[in-house]
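I have placed the structure first, in the form of structure tokens, so that the comments after it can refer back to it.
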2 protein chains.
Amino acid sequence: MDPSSLPDGVSAVVIGVDYGTLSGRAVVVRVSDGAELGSAVHPYSHGVLERELPSSGHLLPPDWALQVPSDYVDVLRNAVPQALAASGVPAEAVIGLGTDFTACTVLPVLADGTPLSELPEFADEPHAYVKLWKHHSAQSHADRINAAAHQRNEPWINRYGGKLSAEWALAKGLQLFEDAPAVYAATEHLVEAADWIVWRLTGTYVRNTCTTGYKAARQDGKYPSEEFLESLSPGFGGFIRDKIEHPVLELGELAGRLTAEAAAWTGLPEGIAICVGNVDAHVTSAAARALDPGQMVAIMGTSTCHVMNSDQLGEVPGMCGVVDGGIVKGLWGYEAGQSGVGDIFGWFVDSGVPDSYRLEAQRRGLGLHEYLTELAAAQAVGQTGLIALDWHNGNRSVLVDHTLSGVVVGQTTVTAPEDIYRALLEATAFGTRTIIEAFERNGVPVTEFIVAGGLLKNALLMQIYADVTRLPLSVITSEQGPALGSAIHAAVAAGAYPDVRTASEAMGRVERAAYRPDESRAKVYDAMFAEYTTLHDYFGRGGNDVMHRLRELRREALDR
Amino acid sequence: MDPSSLPDGVSAVVIGVDYGTLSGRAVVVRVSDGAELGSAVHPYSHGVLERELPSSGHLLPPDWALQVPSDYVDVLRNAVPQALAASGVPAEAVIGLGTDFTACTVLPVLADGTPLSELPEFADEPHAYVKLWKHHSAQSHADRINAAAHQRNEPWINRYGGKLSAEWALAKGLQLFEDAPAVYAATEHLVEAADWIVWRLTGTYVRNTCTTGYKAARQDGKYPSEEFLESLSPGFGGFIRDKIEHPVLELGELAGRLTAEAAAWTGLPEGIAICVGNVDAHVTSAAARALDPGQMVAIMGTSTCHVMNSDQLGEVPGMCGVVDGGIVKGLWGYEAGQSGVGDIFGWFVDSGVPDSYRLEAQRRGLGLHEYLTELAAAQAVGQTGLIALDWHNGNRSVLVDHTLSGVVVGQTTVTAPEDIYRALLEATAFGTRTIIEAFERNGVPVTEFIVAGGLLKNALLMQIYADVTRLPLSVITSEQGPALGSAIHAAVAAGAYPDVRTASEAMGRVERAAYRPDESRAKVYDAMFAEYTTLHDYFGRGGNDVMHRLRELRREALDR
């Protein structure tokens, strides 16, 4: 495993494996310069379980989202050897492997890591399966956790913008405890999938600073207290001690070495370095060479996740969380998010654009997004006469209210589809600026905006973000940011670089200041952002709770 | 002309002629029972002049809308004889003719009624032509009139909801005076087209209570004072005395008798009764048997005009006007309006519905409006989760602000086109309820809602209006309400009935309480209307002037 012992012309490589919501992707990356030499994707055969269990057809309630752990191992068995084959690199050139995962995605396991869902007695028990990040049925549990935390003035709650999410480990754990006592009793560890897959690779269970911090409420080396947990539900006091607590390693550290069993799955050499687990969004910072304080990385797809390091600790209202070493060792890692971005554009294109546009786009050989973007790009800032609120999926930051909804103000009978499309693009940029300003107001400056994810292909959208935020906008130049980030972490775990920053400098890929703000456009956007903010506060901060009442009316109508 | 002198089997008939924006329609109506025996439409060959003059190609500025007076005479020459032929009735059975017109539609004429646009010296002068009701370029003149009226506490301004429209005679007259002094000087009468066509038929110029009241600010027998007019612009003080003042007759009175010349145009017997002029919306009340106090008639098409009689005089903020005898002699006639109704639904169907809906509608043999209505009708009240403001064309009543714009609140990524369609239908119903409540708050009760116009075919829309207003909703059963109303007035002028009410009872056509409010739906609509009202006042009464600022940003963007 000494790179210098490789044959002539063969360079050392690492493998990054990115576990997404529907599939896992493996990428083979050259250690010296980050060149991506080959990749492969393997979809999860069970996908996301939202309606029923695969074994028995047991029906699931609304808002459930489960997965099957063996699907993750299948990615190791299939995508890894296929990526290696595609790269043409011999297996002996692979010096390490790193992974990233969706989070908070948790599963109950025995002491040896066996998922409870694989035990015959629990095969028909939904609570024994992996609860995917978007399993949303623990909202009432989260509400109780948040109310109790504020009532007791728990200091950690402000590290999470004042609210823990229903997606996170405490809410999911409380739901498990109360709704499935037998499964809870049998659970020897409630494990993040990010750590479970590393456990499968190394035979050793270690936790990581990222998921323990952002998802399990670990702050300053401690979790929420036994007294706090007991106050939520009698008997729940031992949750952290019994199900969660376990040694925690920093990101980029060596978790262990590839077992013979996992070497057989992957075709990789037994004993290579396996990095500690990580999260898809956070690991992308390394891939985008954006680990310095003030460099905000936005992974923009159906939704947007913002991650940024700072040497300052600020308690930013409405952020998702701040964690010491949550993105890179030695800095405070911040996370925020927008719950609808590409989702909103996609909804509009699917449901709000007439056939005349589709026909013209087809005639021109353009997709409908491309055609609308072209029309919207021809407009001057302000010309649409519209302002929208981007809350069609609720608001993650800074209002943390998933029951909010979208607004468009200013339509006339000459308003065209491209006007609304542009207003929606702009609305998401205003949402980002709202987040940036919340950081800055709380002592956490943002100096650069770096975009990863599918939406960076839309040049109009990128320019709008630069103009609205008045920040230079950089773009990652890898199409598989998370997997590249995992490979960079693997290179550190393998000892090829002294730390993640150095590895990121050598292996990351970014085009700096690909878009620069234009002052004349930025000035008009200042005026439009002031309108957005007025509407944001009116509809989002109690000026008019109409959105909540409309949602309630809708629920009542559907119940009737 | 004694009906008893007609041959056996031939009943006396009257003809109603309805002058619309693009065409004139003649209907032959049996005097005894209002049966419509034949009709014909004749389009104006010059339509609406919005870009250039027909003779010279002289370009018109934005917001201009002119017409050519000979087009109106062509309706007499063509539609009237065609309608008579279609009816199979001999000409000698026709005992009278009545007309209604768009308003305020005015033209400058010589003392004998010759339009100035027909004089060679003015053929290339836009101000010499008919200014159609929707000629909107006198807004700055209207603003000055309103400011001065309030400054001087002119009492008549409150008979117009506090604001005269830019469409009306004072604003159009002031524009003529200031922008075209030579045309103004040559003008011997500034005549409503409603009166001009009667003049053409009878050879006698008389004005009518409806247009003089609603459009020329005549109240309690007087017009605005010479001092007031002079204060607007030096030299304008004589406007009423020199250009407007003329004997005014009540609606339904005999204006004169058909001249030999007009008998030749129409093929009708010389000497038959010609009724005084009237306005399309107001005349419909008689056609719908809705002349009693509290019966609000809504003519619902691209926009909605509301007319209603009352024995009470109330000064309703934001109404268009109240005029003694403005609809029927002896009662106060009220007018209000919504500037976008069918226009908004049409805009949405044209620009906001995807091809999958169009294809499914085609497959089912339905129009897109019908298909969306069917989908929307399947929803429970409140199920859309949406509230809209119906201001896509501005707001005529009660805010009187044409620079407002539309809003939709509550979209999510599962919002479907039929949800938005339904929300827009409901928004216009909320707009109507807002008008009704303004009347009731000011001592003018509304007890029945009667619909005329093209939109009455949409049963879902009608039921929504009944549920939202909690009023029994009646519908006119004639498809040519204004022409029928004019025929009813002609029958009175001809002496076949003692007054318009009696004629209306015998000849009008209405289905009473065709839709009744449903209490359970009305209760949910009460909650939604409360939301509408909160948004209406927030965006429309100064809570947030964002719509004005967005319009300004749009103007600036287009100027750049």
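The values are calculated or read from the model by the stated rules, or taken from the named source; none is laboratory data. Keep in mind the model is a prediction, meaning the values are calculated, not measured. Using ideal geometry, Cβ is built from the backbone for each residue, glycine included, and neighbour counts are taken over all protein chains shown. Surface areas here come from the heavy atoms of the whole protein model, side chains and all, with no ligands, DNA or RNA. Shrake-Rupley method; radii C 1.70, N 1.55, O 1.52, S 1.80 Å.
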**Prompt:** Given B:Ala185, B:Ala148, B:Ala180, B:Ala169, which one is more than 30 Å from B:Ile272 (Cα to Cα), touching a residue at least 60 places away in the same chain (Cβ under 8 Å) and over 21 Å from the mean Cα position of the chain (by Cα)?
**Reply:** B:Ala148
**Item:** the range B:474-504: number of residues that are of a type in the set (A, V, I, L, M, F, W, C) and over 20 Å from the mean Cα position of the chain (by Cα)
**Value:** 6
**Request:** From (1) surrounded by 18 or more Cβ atoms within 10 Å (Cβ to Cβ); (2) within 14 Å of chain A (Cβ to nearest Cβ); (3) out of contact with any strand residue (DSSP E or B) (no Cβ under 8 Å at 6 or more places or on another chain), pick out the condition that doesn't hold for B:Val468.
**Result:** (2)
**Request:** Within the range B:20-33, identify whether any single residue is outside any strand (DSSP E or B), over 25 Å from B:Val191 (Cα atoms), of a type in the set (Ser, Thr, Tyr) and out of contact with any Gly (no Cβ under 9 Å at 6 or more places or on another chain), and answer yes or no.
**Result:** yes
**Request:** Please find, among B:Val341, B:Val353, the residue that is among the hydrophobic types (A, V, I, L, M, F, W, C), more than 10 Å from chain A (Cβ to nearest Cβ) and in contact (Cβ under 8 Å) with a residue 60 or more places away in the chain.
**Result:** B:Val341
**Item:** Considering residues of the range A:379-428 that are within 25 Å of the chain's Cα centre (by Cα) and among the β-branched types (Val, Ile, Thr) only, the residue farthest from the other protein chains (Cβ to nearest Cβ)
**Value:** A:Val398
**Fill in**
By residue number, the members of the range B:64-82 that are of a type outside the set (Lys, Arg) and open to solvent by 10 Å² or more (accessible area, probe 1.4 Å) are B:Trp64, B:Val68, B:Ser70, B:Val73, B:Asp74, B:Asn78, B:Pro81, B:Gln82
**Fill in**
The helices (runs of 4 or more DSSP H) lying entirely within the range B:159-253 that contain at least 2 residues which are closer than 22 Å to B:His136 by Cα and open to solvent by 40 Å² or more (accessible area, probe 1.4 Å) are B:169-179, B:181-186
**Prompt:** Looking at A:Asp324, is it at the interface with chain B (Cβ under 9 Å from one of its Cβ atoms), open to solvent by 10 Å² or more (accessible area, probe 1.4 Å) and among the charged types (D, E, K, R)?
**Reply:** no
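Restricting the range A:34-62 to residues that are small (Gly, Ala, Ser) and either within 24 Å of A:Leu268 (Cα to Cα) or part of a strand (DSSP E or B) (or both), which is most open to solvent (accessible area, probe 1.4 Å)?
Of everything passing the filter in the range A:34-62, A:Ser45 is most open to solvent (accessible area, probe 1.4 Å).
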**Any hit, the range A:356-367, residues being within 14 Å of another protein chain (Cβ to nearest Cβ), open to solvent by less than 10 Å² (accessible area, probe 1.4 Å) and not in a strand (DSSP E or B)** = yes
**Asked** helices (runs of 4 or more DSSP H) wholly in the range A:497-560 with at least 3 residues that are more than 7 Å from every other protein chain (Cβ to nearest Cβ) and either open to solvent by less than 60 Å² (accessible area, probe 1.4 Å) or hydroxyl-bearing (Ser, Thr, Tyr) (or both) - which ones?
**Response** A:500-507, A:519-540
**Asked** All but one of (1) open to solvent by less than 10 Å² (accessible area, probe 1.4 Å); (2) over 26 Å from A:Val328 (Cα atoms) hold for A:Ala487; which doesn't?
**Response** (2)
**Checking A:Met319 against (1) closer than 25 Å to A:Tyr532 by Cβ; (2) surrounded by fewer than 20 Cβ atoms within 10 Å (Cβ to Cβ), the condition it does not meet** = (2)
**Complete:** Here the qualifying pairs (Cβ atoms under 6 Å; residues six or more apart or on different chains; first in the range B:204-218 and within 20 Å of B:Ser285 (Cα to Cα); second of a type in the set (A, V, I, L, M, F, W, C) and part of a helix (DSSP H, G or I)) come out as B:Thr211/B:Ala194; B:Lys215/B:Ala169
**Request:** Mind counting the residues in the range A:368-378 that are more than 13 Å from chain B (Cβ to nearest Cβ) and under 28 Å from the mean Cα position of the chain (by Cα)?
**Result:** 3
